[in-house]
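The values are calculated or read from the model by the stated rules, or taken from the named source; none is laboratory data. The structure displayed is predicted, hence computed values, not measured ones. Reconstructed Cβ throughout: ideal geometry from the backbone, glycine too, with neighbour counts over all protein chains shown. The accessibility values were calculated without ligands, DNA or RNA, using every heavy atom of the protein model including side chains. Shrake-Rupley method; radii C 1.70, N 1.55, O 1.52, S 1.80 Å.
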Amino acid sequence: MYITFNSGHYQASLSIENALKALSPGIETLNINAFSYTNPILERIINRTYLGVIRNTPEVWEYLYDNPKVLKSVQRLRNLIHRYNSAKLKILLDDFKPNAIVCTQAFPCGMVADYKKSFNLNVPLFGVLTDHAPHSYWIFDNVDYYIVPSEKTRIRLSRNGVPLEKICVFGIPINISFERPLDRDKIIQRLNLDSQVPTVLIMGGSQGIGPIEEVVETLEDTSLELQLIVVTGINKRLYKYIQRRSKHYKKRCLVYGYVDNIDELMEISHLIVTKPGGITTSEALAKSLPMIIVNPIPGQEAKNAEFLLEEGVVLKAEDVEDIVALIEELLTNRLKLEQMRRQAALLGKPRAAMDIANLVLGTISTRSTA
C-alpha cells in the first residue's frame with residue numbers, strides 16, 4: 001500500500017512487489033493506492049493543496065511537517081478518518097485475504113495498524129520508510145517491522161519508543177536492476193557519448209520539479225568541458241522545451257522524459273544534480289554517485305538533505321550559479337569527487353528491495369508453520 005501515483009512511495013512499492021515476484025514467482029500481490037481507494041475525493045483535494053503550499057508558501061509546510069504540536073492536534077481527526085475507512089478496508093482485506101501487508105507511506109501504515117488493534121487482525125504489517133529521516137506519523141504499536149535506510153534512522157525511531165528488534169536497516173527500496181553489474185563502456189557507446197568527457201546527470205524526481213531549465217542553460221553557457229543527460233520525468237512541457245533548445249547547444253545533451261533505465265544513466269555519470277528525494281538519492285548511493293542537491297522541499301527533502309550532508313555524499317547549492325561553481329570544484333578536484341564516491345558506496349543499499357522481500361516471505365513462512 002502506498003499513496004499518490006508518480007511518487008517515491010509508489011516507486012518503492014513497485015520495487016518491493018518486483019522483488020517478491022523474483023523470489024517467489026507464484027506469489028499473488030495487490031499494489032494499491034490506499035488514499036485513492038479509501039478517500040478519492042479527499043485525495044484530490046489534499047494533493048492540490050499540498051502542491052499549492054509547496055509552490056507558494058513552503059514555510060507553512062516546513063512548520064507543519066513532523067511538528068509534535070500539530071501531530072497532537074490532529075490525533076483525534078486521524079482516529080476518526082481511520083474509523084471511517086475501516087469499512088472499506090475490511091472489504092479489501094476480506095476479499096484479498098493477505099498473508100502480509102507492506103506500507104511505503106505512513107497514512108496506510110497507520111490505518112492498517114489501527115485496524116489490527118480494533119479488529120484483532122493477525123496479519124504481519126511492515127512499514128517501509130522512503131526518506132532518510134523518520135517522522136512521528138510513522139509511530140504505531142501494531143507495526144511488526146519497520147524498514148529504515150540507516151543506523152541513524154534506526155536510533156531515532158527507537159528514541160520515539162519503537163523496540164530496536166522491530167527495526168531493520170535494509171535501506172530504501174529501489175528497482176532490483178540496481179543490483180546487476182553494468183558495462184559502462186557499452187552504455188556510453190550506445191548513447192553516443194564521449195567516454196573522455198565528464199557526464200553530468202540532471203533530474204528533478206519523477207515529476208521533473210526544480211530549476212532544471214536554468215541549470216541546463218547555465219551549464220551550456222559555461223566553458224566547462226562536460227556533457228549533459230537531462231531527465232524530465234512526467235513533465236512534458238519541460239521535456240519539449242529542453243529537447244527543442246538542445247538542438248542548438250554546443251555541448252552534447254541527451255534529453256529524456258520518464259525512463260526505466262536510470263541505473264544505466266547513473267552508471268555512466270560522474271555526478272548528479274537533483275532534488276534530495278528519498279528514492280533518487282538512494283539510487284545515486286547505490287551507484288556510488290556524488291550528488292549536488294538544489295531546492296529541497298521543506299520537510300522530508302530538507303531532512304534528507306541534512307542527513308546526506310552529514311554523511312559527506314552531497315554538496316548543497318544555494319542557487320543555479322552555485323551549482324556551476326560546485327560542478328567545477330568537483331570536476332577539477334578529483335580527490336574530493338572520489339572521496340564522495342567512496343562514502344556513497346558505504347551508504348548505498350542496492351539490495352534493499354530484495355532484503356525486504358526476504359523478510360516478508362520469511363515472516364509469512366514462520367507464521368504459517370507456527
Requested in this report: Filter the stretch 352-370 down to residues that are open to solvent by 20 Å² or more (accessible area, probe 1.4 Å) and either within 20 Å of residue 280 (Cα to Cα) or assigned to a helix (DSSP H, G or I) (or both), then give me how many there are.
Outcome: 12
Requested in this report: Test residue 370 against the stated conditions and say whether it is aliphatic (A, V, I, L, M) and at pLDDT below 95.
Outcome: yes
Report task. Residues that are buried (at least 21 other Cβ atoms within 10 Å of the Cβ), out of contact with any Pro (no Cβ under 8 Å at 6 or more places or on another chain) and at negative phi: find the strands (runs of 3 or more DSSP E) completely inside the stretch 214-308 holding 3 or more of those. Result -> 227-231
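Would you point out which residue out of 126, 140 is outside any helix (DSSP H, G or I) and open to solvent by less than 10 Å² (accessible area, probe 1.4 Å)?
From the options 126, 140, the qualifying one is 126.
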Requested in this report: Scan the stretch 162-180 for residues that are open to solvent by less than 60 Å² (accessible area, probe 1.4 Å) and over 19 Å from residue 359 (Cα atoms) and jot them down.
Outcome: 177, 178
Requested in this report: Name every residue in the stretch 311-351 that is open to solvent by 80 Å² or more (accessible area, probe 1.4 Å), touching a residue at least 40 places away in the same chain (Cβ under 8 Å) and over 22 Å from residue 216 (Cα atoms), in order of residue number.
Outcome: 342, 351
Query raised in the report: Of the residues in the stretch 85-123, how many are under 17 Å from residue 37 (Cβ atoms), in a helix (DSSP H, G or I), open to solvent by 10 Å² or more (accessible area, probe 1.4 Å) and out of contact with any strand residue (DSSP E or B) (no Cβ under 9 Å at 6 or more places or on another chain)?
Result: 12
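Going by what's in this entry, would residue 313 be described as within 24 Å of residue 128 (Cβ to Cβ) and not charged (D, E, K, R)?
It is true that residue 313 is within 24 Å of residue 128 (Cβ to Cβ) and not charged (D, E, K, R).
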Report summary line: Matching residues in the stretch 23-35 (open to solvent by less than 60 Å² (accessible area, probe 1.4 Å), farther than 12 Å from residue 98 by Cβ and among the hydrophobic types (A, V, I, L, M, F, W, C)) number 2
